[in-house]
Amino acid sequence: MYLSAVRRGVENRRRTSAHRIIRPDDELSKLSKLPARKLSFRGRVWALMDDPNSSRPAKYISMFIMLIIALSVVNFIVGTEVTPRCAWLSLGAAPDEVAYECGESRLSESGASADALHTLETVCIMVFTVEYVLRILTCTTAMPLARFLRAPMNVIDLIALLPYYVDLVLTAARVKVSDRKSTRLNSSHQYDL
């Protein structure tokens, strides 16, 4: 008896949800439905930066930002790669005389590759910064600034940008941030007997 009532309820929900029109309640959907000529300049920039379905250029900008995100992730992964890679090295003539050794530095720490990786990171951060600032300057056409700043995705965007600028400020102020490797070495020597 109870199971049949639950089944009927599930079937009714399926039937009504199949015919229900999905209406997003956010201001962006209302904003992007307006013709372009009725939107203010800020409204057009907001739709361009925040809604890829608002126009063809908005879709291209969205794809460009996704490409920059992927490039930034690859840059981060490559920058943490140890050089030279870990490998088995032969220590002698016998086949069992081998050692597994890894490089001591990352690609992002020295050489020409470090300069290229840093330049690529700077370009990616500049693109993300321009996008974020444009969205902040134009968000008031769709929502209050406080609501924009509290939105989870915008908080994530800000958190992703901050480390670069904090590092830039600390470098300009010539503040030496302790290296994790030296911290680990110092803490391991405390327990040596």
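The values are calculated or read from the model by the stated rules, or taken from the named source; none is laboratory data. Treat the numbers as computed from the prediction; the structure is a model and nothing was measured. FYI the Cβ positions are ideal-geometry reconstructions off the backbone, even for glycines, and counts take in every protein chain you see. Remember, those area values only see protein heavy atoms, side chains included, never the ligands or the DNA or RNA. Shrake-Rupley method; radii C 1.70, N 1.55, O 1.52, S 1.80 Å.
Filtering the range 139-161 to residues that are under 14 Å from Trp46 (Cα atoms), open to solvent by 70 Å² or more (accessible area, probe 1.4 Å) and modelled with pLDDT of 90 or more leaves Pro144, Leu145.
Total residues in the range 53-80 satisfying the condition of being more than 18 Å from the chain's Cα centre (by Cα) and of a type outside the set (Gly, Ala, Ser): the figure is 5. In the condition set (1) at pLDDT 90 or above; (2) not in a helix (DSSP H, G or I), Gly103 is compliant with all but (1).
Within the range 147-172, if we keep just the residues that are closer than 14 Å to Glu131 by Cβ and of a type in the set (A, V, I, L, M), the residue that is nearest to the chain's Cα centre (by Cα) turns out to be Ala160. Put simply, of Val127, Val133 the only residue that is at pLDDT 85 or above and either open to solvent by 40 Å² or more (accessible area, probe 1.4 Å) or on the phi > 0 side of the Ramachandran plot (or both) is Val133.
Report yes if some residue within the range 130-142 is within 16 Å of the chain's Cα centre (by Cα), of a type in the set (A, V, I, L, M) and assigned to a helix (DSSP H, G or I); otherwise report no. Yes, the range 130-142 has at least one match. Here Val78 fits the description: at pLDDT 70 or above and surrounded by 15 or more Cβ atoms within 10 Å (Cβ to Cβ).
Given the structure, is Ser62 in a helix (DSSP H, G or I), modelled with pLDDT under 85, open to solvent by less than 40 Å² (accessible area, probe 1.4 Å) and closer than 26 Å to Val127 by Cβ?
No.
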